[in-house]
Amino acid sequence: MTISKVAIVGTGVMGEGIINSLLKAGTKPNSIVIRDKRVDRVQELVSQYGLKAESIQGSDAVILAVKPQDLEKCADELKSEISDQVLLVSLLAGVTSARISDAFGIALRIIRVMPNTPILLGEGMSVITRGKTALETDLAWLEGVLSKSGKTLVVDESLMDAVTATSGSGPAYFFGFVESMIKAANKLGLSEQDAKLLVHQTLIGAAKMIEGSGKDAGTLRKEVTSPNGTTAAALSSFESNGLDEIVYKAMKAAKDRSEELSN
């Protein structure tokens, strides 16, 4: 089935990221309809991108980018405008295809996506799972759209909570680590400005080495760690303080919360 008209319900960071992806994939601005309870936000995006703010009726695909806890309320508001021919794409963390189907009360073609915020810069990681009734052509269309703003991966729905805990929430983990490094650099005597420059560029450089060197993180770590050197001292401190376990517990907490949201 051809996807021509697309509606986006929810225009936060992820919603705008999807708008950018659609435009990069060649969707005409006047073929994109947006809806949000914030009237000023809708007006802002209509003015910025040339989109439409009208009924979503007649849309070939509807992309839900609202908060997970708002699903049922949102479904009640949209039911009269959605037919069983619509492809429904959900960005709702932790919300299963079965719950989405129950909320709308009709047999929709459903695909779930867990993107992350770097989608706004064209460096997103979008993980996709196809519902039982969604078509291969639906999946191909969505992969084509999302690949314009980063990388995509298709997984079984049973893995989506683990995905949420890894790439979905993942950017915030790195942001938090950057904050901690800057604070530590301050304590060691560096100014706020210098600390930010050093930490930010170090993160960017390390990420590009992982992407471009063809080597895994473990190999790169070993290559910059001289025996009994300064890097070895820092890594030893991480290890003795249980870094692996700290990271696992944090990601497990995120996965558990994703599972809670599904209920």
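Scan (1) in contact with a Pro (Cβ under 7 Å, 6 or more places away or on another chain); (2) closer than 29 Å to D161 by Cβ; (3) of a type outside the set (S, T, N, Q) for the single condition A25 breaks and write down its number.
(1)
Identify, from the list A107, A98, the residue that is under 15 Å from G131 (Cβ atoms), surrounded by fewer than 19 Cβ atoms within 10 Å (Cβ to Cβ) and under 22 Å from the mean Cα position of the chain (by Cα).
On the way: A107 fails: under 22 Å from the mean Cα position of the chain (by Cα).
Selected residue: A98, the only one of A107, A98 that is under 15 Å from G131 (Cβ atoms), surrounded by fewer than 19 Cβ atoms within 10 Å (Cβ to Cβ) and under 22 Å from the mean Cα position of the chain (by Cα).
Within region 239-263, how many residues turn out to be open to solvent by 80 Å² or more (accessible area, probe 1.4 Å) and not charged (D, E, K, R)?
Qualifying residue count for the region: 5.
Suppose the filter is under 27 Å from the mean Cα position of the chain (by Cα) and open to solvent by 70 Å² or more (accessible area, probe 1.4 Å); does K187 pass it? Outline the logic, then answer.
Details: under 27 Å from the mean Cα position of the chain (by Cα): no; open to solvent by 70 Å² or more (accessible area, probe 1.4 Å): yes.
In short, no.
Would you tally the residues in region 19-37 being farther than 19 Å from E81 by Cβ and open to solvent by 10 Å² or more (accessible area, probe 1.4 Å)?
Residues meeting the conditions: 8.
Among the residues of region 148-176, what is the count of those that are open to solvent by 60 Å² or more (accessible area, probe 1.4 Å) and among the polar types (S, T, N, Q)?
So the count comes out to 2.
Is it the case that R130 is touching a strand residue (DSSP E or B) at 6+ places or on another chain (Cβ under 7 Å), buried (at least 22 other Cβ atoms within 10 Å of the Cβ) and of a type in the set (K, R)?
Criteria not met by R130.
List every residue pair whose Cβ atoms lie under 7 Å apart, where the two residues are 6 or more positions apart in sequence or sit on different chains, the first residue falls within region 168-179 and is touching a residue at least 60 places away in the same chain (Cβ under 8 Å), and the second residue, located anywhere, is surrounded by 15 or more Cβ atoms within 10 Å (Cβ to Cβ) and outside any helix (DSSP H, G or I).
Final answer for the pair search is G168/A93; G168/M114; G168/N116.
Quick one: which helices (runs of 4 or more DSSP H) sit completely within region 1-88 and have at least 3 residues that are under 22 Å from I119 (Cα atoms)?
Numbers: elements: 13-24, 39-49, 71-78.
Per the criteria, 13-24, 39-49.
Go through region 84-95 and count every residue that is open to solvent by 10 Å² or more (accessible area, probe 1.4 Å) and either in contact with a strand residue (DSSP E or B) (Cβ under 6 Å, 6 or more places away or on another chain) or under 17 Å from E259 (Cα atoms) (or both). Full working, then the answer.
Keep residues of region 84-95 that are open to solvent by 10 Å² or more (accessible area, probe 1.4 Å), which gives 84-85, 91, 93.
If we keep only those that are either in contact with a strand residue (DSSP E or B) (Cβ under 6 Å, 6 or more places away or on another chain) or under 17 Å from E259 (Cα atoms) (or both) too, we end up with 91, 93.
Selection size over region 84-95: 2.
Looking at (1) modelled with pLDDT under 95; (2) touching a strand residue (DSSP E or B) at 6+ places or on another chain (Cβ under 7 Å), find the lone condition where R257 falls short.
Checking R257 against (1) modelled with pLDDT under 95; (2) touching a strand residue (DSSP E or B) at 6+ places or on another chain (Cβ under 7 Å), the one that fails is (2).
To keep it simple, each residue is scored yes or no on (1) surrounded by 12 or more Cβ atoms within 10 Å (Cβ to Cβ); (2) of a type in the set (S, T, N, Q); (3) farther than 20 Å from G150 by Cα; (4) touching a residue at least 60 places away in the same chain (Cβ under 8 Å).
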| site | (1), (2), (3), (4) |
| --- | --- |
| S191 | no, yes, yes, no |
| A195 | yes, no, yes, no |
| A206 | yes, no, no, no |
| M209 | yes, no, no, no |
| K215 | yes, no, yes, no |
| G218 | no, no, yes, no |
| R221 | yes, no, yes, no |
| V224 | yes, no, yes, no |
| N228 | no, yes, yes, no |
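Specify which of the listed residues (E81, E123, E72, E77) is charged (D, E, K, R), open to solvent by 20 Å² or more (accessible area, probe 1.4 Å) and more than 23 Å from I19 (Cβ to Cβ).
Numbers: E81 fails: more than 23 Å from I19 (Cβ to Cβ); E123 fails: more than 23 Å from I19 (Cβ to Cβ); E77 fails: more than 23 Å from I19 (Cβ to Cβ).
Exactly one of E81, E123, E72, E77 is charged (D, E, K, R), open to solvent by 20 Å² or more (accessible area, probe 1.4 Å) and more than 23 Å from I19 (Cβ to Cβ), namely E72.
The values are calculated or read from the model by the stated rules, or taken from the named source; none is laboratory data. For clarity, every value in this text was computed on a predicted model and none was experimentally measured. As a convention, Cβ positions derive from the backbone with ideal geometry for all residues, glycine included, and neighbour counts pool all protein chains shown. In case anyone asks, the SASA skips ligands and DNA or RNA and just uses the protein heavy atoms, side chains included. Shrake-Rupley method; radii C 1.70, N 1.55, O 1.52, S 1.80 Å.
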